[in-house]
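To start, the structure under review is shown below, and the notes come after it.
The values are calculated or read from the model by the stated rules, or taken from the named source; none is laboratory data. For clarity, every value in this text was computed on a predicted model and none was experimentally measured. Here the Cβ positions follow ideal geometry from the backbone for every residue, glycine too, while neighbour counts run over all protein chains shown.
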Number of protein chains: 2
Amino acid sequence: MNRTIDYYTELAQRGLQPSVQRVRILEFLHANRIHPTAEQIWLRLSPGMPTLSRTTVYNTLKLFAEAGIVQTLVIEEKEMRFDIDTSHHGHFSCDRCGTVFDFTASALSGAVPSELDGFEIRERHLYYKGLCRECRTKERRKG
Amino acid sequence: MNRTIDYYTELAQRGLQPSVQRVRILEFLHANRIHPTAEQIWLRLSPGMPTLSRTTVYNTLKLFAEAGIVQTLVIEEKEMRFDIDTSHHGHFSCDRCGTVFDFTASALSGAVPSELDGFEIRERHLYYKGLCRECRTKERRKG
DNA sequence: TTGTCTGCAAAACATTTGCATACTG
DNA sequence: CAGTATGCAAATGTTTTGCAGACAA
């Protein structure tokens, strides 16, 4: 089974033109569950596609977000991250190594507080920050 | 009772030099619970303090954040918001008017999932996005 | 007087925009 | 052929940095 074809048809079925760039970006997101930034995607794909521009990566990610293919995470200042897993889950961002971890979060599926009655909720995000296990160990060693 | 004096001593007690700029920014944050951006604070204070620079506003907010006087919200892309209320609560950001609302969120005080065992959690944020009551009504009127 | 704070100008950085060229149906 | 996608270069907007002068303990 050919994955490239899978993603090609996935895009086509959603009514999006399955250009080479879009298929490769979608492929990358499925294969690399690292909540990448646009820059990371570009850095990893451009060696194999020398003409790929950052603009296209940005355009494509915006398109994917609007189509509901990815969710956008604004957990850190400055750069946005993209998650191909659009299910409800929490995100932990390590202040030291920058890695973003997933964790299960039932709070995101529960009832909405009455203070928000009448509000239309489109997105729910639960973000934790701190030190991941590995970085915490390293910090302790240093002092 | 003189509020300016209160904030002056609050800063002094925390070991921060209570400069005119810092007192005014602290005062503004207490009086305007709007989760302002650095730019908003500068826009509102500079008419009364013509020499106030954006740099000072940024420096001061960073200082306040490090001192635990404010919490920083990265709910929206691009600009950071500052909240003088450092207690556990959720934030709702309206996609249309940009207003950030508070809501009670017990999920932020509960237990941490076992997936994060060994992690050091320093911050927890719950962000909702969508349309606030008022904007939802307006959207419906438009069709 | 010695270190810290302020504020200007310039830099840094992620993202967006304008537009010409290249695809694709 | 008509419409959409790509990609370069330039613009945008927020935040940071370098540095000189002002201020405070």
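Just a few scattered comments:
- Top-ranked residue of region B:75-97 - restricted to ones that are more than 10 Å from the chain's Cα centre (by Cα) and within 15 Å of DNA strand C (Cβ to nearest atom), ranked as nearest to B:A12 (Cα to Cα): B:E79
- Qualifying residue in region B:100-115 (condition: within 15 Å of the chain's Cα centre (by Cα), more than 11 Å from chain A (Cβ to nearest Cβ) and touching a residue at least 12 places away in the same chain (Cβ under 8 Å)): yes
- On the stretch given as region B:62-109, residues that are touching a Cys at 6+ places or on another chain (Cβ under 6 Å) and of a type in the set (A, V, I, L, M, F, W, C) total 2.
- Here the condition is being surrounded by fewer than 18 Cβ atoms within 10 Å (Cβ to Cβ) and either away from chain B (no Cβ under 12 Å) or closer than 27 Å to B:G130 by Cα (or both); of A:K138, A:K62, it holds for A:K62 alone.
- Subset tally (residues that are touching a strand residue (DSSP E or B) at 6+ places or on another chain (Cβ under 9 Å) and either part of a helix (DSSP H, G or I) or of a type in the set (G, A, S) (or both)) for region B:115-132: 3
- Residue among A:G98, A:G15 that is farther than 28 Å from B:I121 by Cβ and surrounded by fewer than 16 Cβ atoms within 10 Å (Cβ to Cβ): A:G15
- Identity of the residue in region A:43-59, near DNA strand C (Cβ under 9 Å from one of its atoms) and touching a residue at least 12 places away in the same chain (Cβ under 8 Å), that ends up surrounded by the most Cβ atoms within 10 Å (Cβ to Cβ): A:V57
- Flag for A:E39 being among the acidic types (D, E), out of contact with any Asp or Glu (no Cβ under 6 Å at 6 or more places or on another chain) and within 8 Å of chain B (Cβ to nearest Cβ): no
- Flag for A:T86 being in contact with a strand residue (DSSP E or B) (Cβ under 6 Å, 6 or more places away or on another chain), farther than 22 Å from B:H91 by Cα and at pLDDT 95 or above: no
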